[in-house]
Amino acid sequence: MTEHTQEVAQLILSSKRVVVFSGAGLSTESGIPDFRSPGGVWDRYNPEDFYFQNFVASEASREKYWKMATEMYEPMKKAQPNLAHLAIAVLEKLGKLDCVITQNIDGLHAKAGNSEEKILELHGTAMHVTCLDCGKRYDRDEIQERLSREFKVPYCDDCKGPLKPATISFGQSMPERETQEAYHRSSISDLFIVIGSSLVVQPAASMPLVAKRNGAKLVIINRDPTPYDDMADIVIHTQAGPTMTNIIEEVKKELKKID
Ligand SMILES: [Zn+2]
């Protein structure tokens, strides 16, 4: 137990609105490859092929998109929540979590046990598929099963509109409700904990700034330095899993004392 983990535990105990912000680092600790890193999916596909405008405009683009999306979905489907996801779920059970804002699309916060209304997915989710015309939602596995029988671009059962994973693609606007809610939650939080994000993808990366400007304490737990390290109250450069476990154990211990 380091001094830092104890300090973070104390901050959690003394705060009323704790917001957790999670990024790709959390997914990679669950074995999901970071598709932006060298050797990732982007090396084998041309990202331009996956602009939302192209998906809407051409059947050939939709086919390429679904091939890549199918490849990316495999490791996500198999992935299990890691210690950090589980710690965040415990935070909710202890009544110490306002919400978790995530840039991840892998559904692992829900799998770990966080309730749906506590999770704000800024980049959408790979666990569902939506019809671009009528908005009907499908379970991802159901659509992948169709594709495994016969690989062709899937269309809506109801309106024949094109189906797309419910993730936010290049050129597609951020989900309005989630984004607004995330900014609002950030602005009224009194403790903002970044876990596994390098805070470089905008606009999400500006949320710690919003929190800090409105008086929240800022904690950053990330393997690598981030552009916001200097303004953070506590920075821990490490793997999130074991650190979060230590922090939660400390929080539990203190709560027992209070009982
Ligand atoms: Zn439809």
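Nothing in this text is a laboratory measurement; each read-out follows from the coordinates by a stated rule. Because the structure is a prediction, the values reported are computed rather than measured. Cβ atoms come from the backbone with ideal geometry, glycine included; neighbour counts cover every protein chain shown.
Points to keep in mind about this one:
- Full extension of the chain between residue 257 and residue 10 gives 87.6 nm of extra length, using 0.36 nm per residue less the Cα-Cα distance.
- Three-way shape label, region 213-259, alpha-carbon gyration tensor, a/c 1.5: oblate
- Computed FRET value (nearest 0.05) for residue 159 with residue 206, which takes r as the C-beta separation and R₀ as 41 Å: 0.65
- On the beta carbon distance between residue 229 and residue 46, with R0 = 30 Å, the FRET formula returns roughly 0.35.
- Cβ-based net charge around residue 152, under 13 Å, with every Lys or Arg adding one and every Asp or Glu removing one: +2
- Region 132-203 and region 211-259: distance between their alpha carbon centers, rounded to Å: 28 Å
- Expected 222 nm ellipticity per residue - DSSP helices of 4 or more, -39500 (n - 2.57), all of the chain, to 500: -13000 deg cm²/dmol
- Cα centroid separation - region 3-32 against region 90-127, whole Å: 13 Å
- Cβ-derived FRET efficiency at R0 22 Å, residue 136 paired with residue 59, nearest 0.05: 0.65
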